[in-house]
1. Scan the stretch 124-136 and report the pairs whose first residue is free of Cβ contacts under 8 Å to residues at least 60 places away in the same chain and whose second residue is polar (S, T, N, Q) and surrounded by 15 or more Cβ atoms within 10 Å (Cβ to Cβ), with Cβ atoms within less than 6 Å and a gap of 6+ or a chain change.
2. Quick one: which residue in 105, 69, 126 is of a type outside the set (Phe, Trp, Tyr) and not in a loop (DSSP other than H, G, I, E, B)?
3. Six or more apart or on different chains, Cβ atoms under 7 Å: show the pairs whose first residue is in the stretch 103-115 and of a type in the set (D, E, K, R) and whose second is surrounded by 14 or more Cβ atoms within 10 Å (Cβ to Cβ).
4. Name every residue in the stretch 51-63 that is over 19 Å from residue 79 (Cα atoms) and either modelled with pLDDT under 90 or aliphatic (A, V, I, L, M) (or both), in order of residue number.
Amino acid sequence: MQSEKVWNTVEFGWSPPMVLDRKGRSTNVIKPKLEWDRSENNARAMYSIFNAISTGEFRRIATCTSIKEAWDILQVTHEGTNAMKVSKLQMLTSRFETIRMDDHETFKEFHVKLMDIVNSSFNLGEPISNSKVVRKILKYLLERFRAKVTAIEESKDVDSLKIDELVGSLQTFEMTLVSPRKAKGIALKAIKEESLCLKK
């Protein structure tokens, strides 16, 4: 029944419920939102959910008759049960605490890895503060960034520094450095050329 109302809304457009006269006939007066009954709210919410999800997600909830039922299915699908959510959050907290920039990584790779943890935690309802992320980045960058980190810490208020501002500054700085991969490639090429010259 509710799905039919939602589909009718898709086919014919949605119009707000109208006030009924004493004989139960619709008038031209829109019913105040506070007076909408549960079925009207449910149908509108189902319609909104149906429009916001993919076809695959729609198949999961197409037979649901209440928005609560549909929402619960989607929530468990994406967040898991409460126990799973707590477990995921503990894992993310541990990953956040132990993440370090590896010697072979570019700053961009480290940033993507870190923001994956930050975004996953946010999606589970536990945002990690901006200042905590900024401090994490500054603390665990490689030695080649040390001069830039010192300059940032001396010239900026780290607690109010925005992540994207820091990221932009560090990416710009990294571009001025010769990357370790490039340096190794140049060194190997030089050794190879030198050995060819010696053979002649």
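1. Correct list of pairs: 128/121.
2. After ruling out the rest, the residue left standing is 69.
3. Listed pairs, sorted by first residue: 103/142; 113/99.
4. Listed by number, the residues that qualify are 51, 62.
One line per residue, one yes/no per condition, for (1) touching a Lys or Arg at 6+ places or on another chain (Cβ under 6 Å); (2) under 14 Å from residue 101 (Cα atoms); (3) modelled with pLDDT of 85 or more:
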position: 136; (1), (2), (3): no, yes, yes
position: 154; (1), (2), (3): no, no, yes
position: 163; (1), (2), (3): no, no, yes
position: 168; (1), (2), (3): no, no, yes
position: 175; (1), (2), (3): no, no, yes
position: 187; (1), (2), (3): no, no, no
position: 192; (1), (2), (3): no, no, no
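The values are calculated or read from the model by the stated rules, or taken from the named source; none is laboratory data. Every value quoted in this text rests on a predicted model; they were computed, and no experiment measured them. Neighbour counts are summed over all protein chains in view; Cβ atoms, including those assigned to glycine, are modelled from backbone coordinates with ideal geometry.
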